[in-house]
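This report refers to the structure that appears directly beneath it.
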Amino acid sequence: MKKLPLTILLLISTFVIAKAQFSFDSCLIAYYPFNGNVQDHGGNDYHGISTTNFYVNDRFGTSMSSFLFDGSTSFIELSTHLPDLNFSQPATVAVWVKTNNDSRNTILALQDPSFNAYFQRLYIGDNITQYLQNELVLFGRQNGASDYVVAGHETSNRAKLIDNNWHLVVYVFDGVNSTFYLDTNQLSKTVNHGSDQGKFGNLSFTTICTIGARYDGSMIPGAFFEGAMDDFRLYNCALNNSQIVELFSECRPTMDTSLISSCDKYISPSGKLFTASGTYLDTIPNSTGCDSLMTINLTILNSSSASISASACDAYSWLGNTLTSSGTYIDTLVNATGCDSVVTLNLNVTNVDTNVVLSVNSLTASSGASFYQWYNCDNLQIIPGANSAVFTPTQTGKYAVFLIQNGCVDSSGCHQVIITSNDALVSSNNNFRIYPNPTSDYFTIESRSETEYSIELFTMDGKLLNNSKNLFTRRNTIFWSLAPGMYILKILRDDGYFEEHLLIKN
């Protein structure tokens, strides 16, 4: 499978290798995909050294993915790995080639250049040996005086390989015989020098291993390959015809790098679950049935949650909604990372029960309040001492009650009470009148006569909040900003004082 160049995000360039998985990969010794370098991707690190660095499109059209040999100086040196590459049969050499040169193209050479008597060389093209005519694919081997052979495929049909198109050439050595394949077709073979016993490697005195050229006895490279090579593979097993068909049918992978941010988790295209940030690989079939190899640079972002508690009188405004009942409310927002922010509101809404029941001459309010203050609706005067849930008026009139429940202030409606007795309601002080009461932001003190007095305002637990001194006029309007609730208003004169409850409503 091709190893395609891939530019990783964050502007870091690297090469990502996508290798096909074959059933016979266990015997792969070396693999050179030529994706911008001559490194071995077969797993053994038999990296080469090239005399030139020219790369062109491969058979899939991927740029910089096949090695271009110039026919005069280009070859790849593997001699430092010769002890491992000079293994004994079985062996298979498979390579994709593209050339229009029909003369002396070296594919692979293992040899001793000093004596030229210990070598194994694989070629394509004509004019290589005197022992064959119109040779197209051939090899020569000599390992001493008695172990030698020249064998190849002879044909006048040169265009089936020398046509400047990509072809798969395969050499198989099984220890009994040698076999040549062009694409998926087994080629006929002529042995015209020595005996073909299907041998490979195990050569004595060899020190040189090269791709794309050979050395002669004067230690000068020659028989340079002219054209392009791709996907050079060396196996220590003898591939059969079906396996070669599998090699030939190797399809093109696709590769992609994605930068993904996901909340809490990410499910890849193949269904893998990832819950932590990192770089992950994923594989799915592409449109051609080959692997689509994905590099996922994943950032996992976190959702958030919060819980708040609130109390309100009558209603509570939350996220554009008006809530009128106690309960637990949940809403989902978006946090700073773009993930869900789940907010839970534990709400207590107090709806003051303002129902009043009239029974004979008594008015009875709900028993759930913590404070009561009855007042006369006709003159807006509170009724001193009327601070319980049950109120019995002493004179005919309309009456209502001011209630405090869980810190919430409300008042009932006015209820008509008709008293048939002659008893009259007596004010606690006939010299002053305070109105309106209940009130919101002001109240007026009216005295019957011109007199000097002062006023003080206390909370229900006796804390002094405000005062005004040396008031002379008969009518004084006081503007004090007060929170809703019940207060004690004290009026002081030289001859004494009296107190009255002042009710501040919403």
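The values are calculated or read from the model by the stated rules, or taken from the named source; none is laboratory data. These figures come from a predicted structure and were not determined experimentally. No Cβ is skipped: glycine too gets one built from the backbone with ideal geometry, and neighbour counts run over all protein chains shown.
Candidates in segment 338-364 are the residues that are modelled with pLDDT under 90 and more than 17 Å from residue 404 (Cα to Cα); of these, the one that is surrounded by the most Cβ atoms within 10 Å (Cβ to Cβ) is 361.
Okay, residues lined up against (1) touching a strand residue (DSSP E or B) at 6+ places or on another chain (Cβ under 9 Å); (2) modelled with pLDDT under 95:
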position	(1), (2)
230	yes, no
238	yes, no
246	no, yes
254	yes, yes
268	yes, yes
272	yes, yes
280	yes, yes
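Within segment 202-246, the set of residues being among the charged types (D, E, K, R), surrounded by fewer than 23 Cβ atoms within 10 Å (Cβ to Cβ) and in a strand (DSSP E or B) comprises 226, 233.
Given the structure, is residue 406 on the phi > 0 side of the Ramachandran plot and either at pLDDT 85 or above or surrounded by fewer than 15 Cβ atoms within 10 Å (Cβ to Cβ) (or both)? Yes, satisfied.
Here is the figure for segment 470-498: residues that are of a type outside the set (A, V, I, L, M, F, W, C), in contact (Cβ under 8 Å) with a residue 60 or more places away in the chain and within 17 Å of residue 386 (Cα to Cα) total 1. For segment 58-77, the candidate set comprises residues that are surrounded by 15 or more Cβ atoms within 10 Å (Cβ to Cβ) and at pLDDT below 95; within that set, the residue that is nearest to the chain's Cα centre (by Cα) is 62. Could you tell me whether residue 41 is outside the structural domain of residue 281 (by TED's automatic domain parsing) and in contact with a Cys (Cβ under 9 Å, 6 or more places away or on another chain)? No.
Return the residues of segment 325-337 that are under 30 Å from residue 413 (Cβ atoms) and surrounded by fewer than 13 Cβ atoms within 10 Å (Cβ to Cβ); say none if nothing qualifies.
Within segment 325-337, 325, 327 meet the criteria.
The residue that is surrounded by the fewest Cβ atoms within 10 Å (Cβ to Cβ), among those in segment 265-297 that are aliphatic (A, V, I, L, M) and within 30 Å of residue 330 (Cα to Cα), is 273.
So that you can scan it fast, the table gives a plain yes or no per residue for (1) among the acidic types (Asp, Glu); (2) at pLDDT below 90:
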| position | (1), (2) |
| --- | --- |
| 441 | yes, yes |
| 454 | no, no |
| 460 | no, yes |
| 466 | no, no |
| 473 | no, yes |
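For segment 412-437, the tally of residues that are modelled with pLDDT of 80 or more and over 18 Å from residue 359 (Cβ atoms) stands at 6. The residue of segment 31-49 that is nearest to residue 85 (Cα to Cα), among those that are surrounded by fewer than 18 Cβ atoms within 10 Å (Cβ to Cβ) and modelled with pLDDT of 95 or more, is 47. Can you find a residue in segment 464-486 that is over 60 Å from the mean Cα position of the chain (by Cα), among the hydroxyl-bearing types (Ser, Thr, Tyr), within 21 Å of residue 383 (Cα to Cα) and in a strand (DSSP E or B)? There is at least one residue in segment 464-486 that is over 60 Å from the mean Cα position of the chain (by Cα), among the hydroxyl-bearing types (Ser, Thr, Tyr), within 21 Å of residue 383 (Cα to Cα) and in a strand (DSSP E or B). The set of residues from segment 327-363 being farther than 30 Å from residue 306 by Cβ and charged (D, E, K, R) comprises just one member, 353. Say we look at segment 23-39 and pick out the residues that are assigned to a loop (DSSP other than H, G, I, E, B) and touching a residue at least 12 places away in the same chain (Cβ under 8 Å); which of these is nearest to residue 240 (Cα to Cα)? Out of the qualifying residues, it is 24. Every condition in (1) part of a strand (DSSP E or B); (2) more than 9 Å from the chain's Cα centre (by Cα); (3) touching a residue at least 24 places away in the same chain (Cβ under 8 Å) holds for residue 252 except the one numbered (1). Within segment 358-367, one or more residues are assigned to a loop (DSSP other than H, G, I, E, B) and at positive phi. The set of residues in segment 164-205 being acidic (Asp, Glu) and out of contact with any Ser or Thr (no Cβ under 6 Å at 6 or more places or on another chain) consists of 174, 183.
If you go through segment 41-55 one residue at a time, do you hit one that is touching a residue at least 60 places away in the same chain (Cβ under 8 Å), more than 27 Å from residue 152 (Cα to Cα) and not hydrophobic (A, V, I, L, M, F, W, C)? Yes, segment 41-55 has at least one match.
Exactly one residue out of 80, 92 is at pLDDT 95 or above and surrounded by 22 or more Cβ atoms within 10 Å (Cβ to Cβ), and it is 92. Within segment 149-167, residues that are under 11 Å from residue 100 (Cα atoms) reach partners that are surrounded by 14 or more Cβ atoms within 10 Å (Cβ to Cβ) and of a type in the set (Gly, Ala, Ser) with beta carbons closer than 9 Å, at six or more positions or on different chains, in the pairs 158/125; 161/125; 162/125; 164/227; 166/66; 166/228. The set of residues in segment 374-410 being more than 30 Å from residue 315 (Cα to Cα) and part of a strand (DSSP E or B) consists of 397 alone.
Looking only at residues of segment 175-200 that are within 16 Å of residue 138 (Cα to Cα) and within 53 Å of the chain's Cα centre (by Cα), we find that the one that is surrounded by the most Cβ atoms within 10 Å (Cβ to Cβ) is 200.
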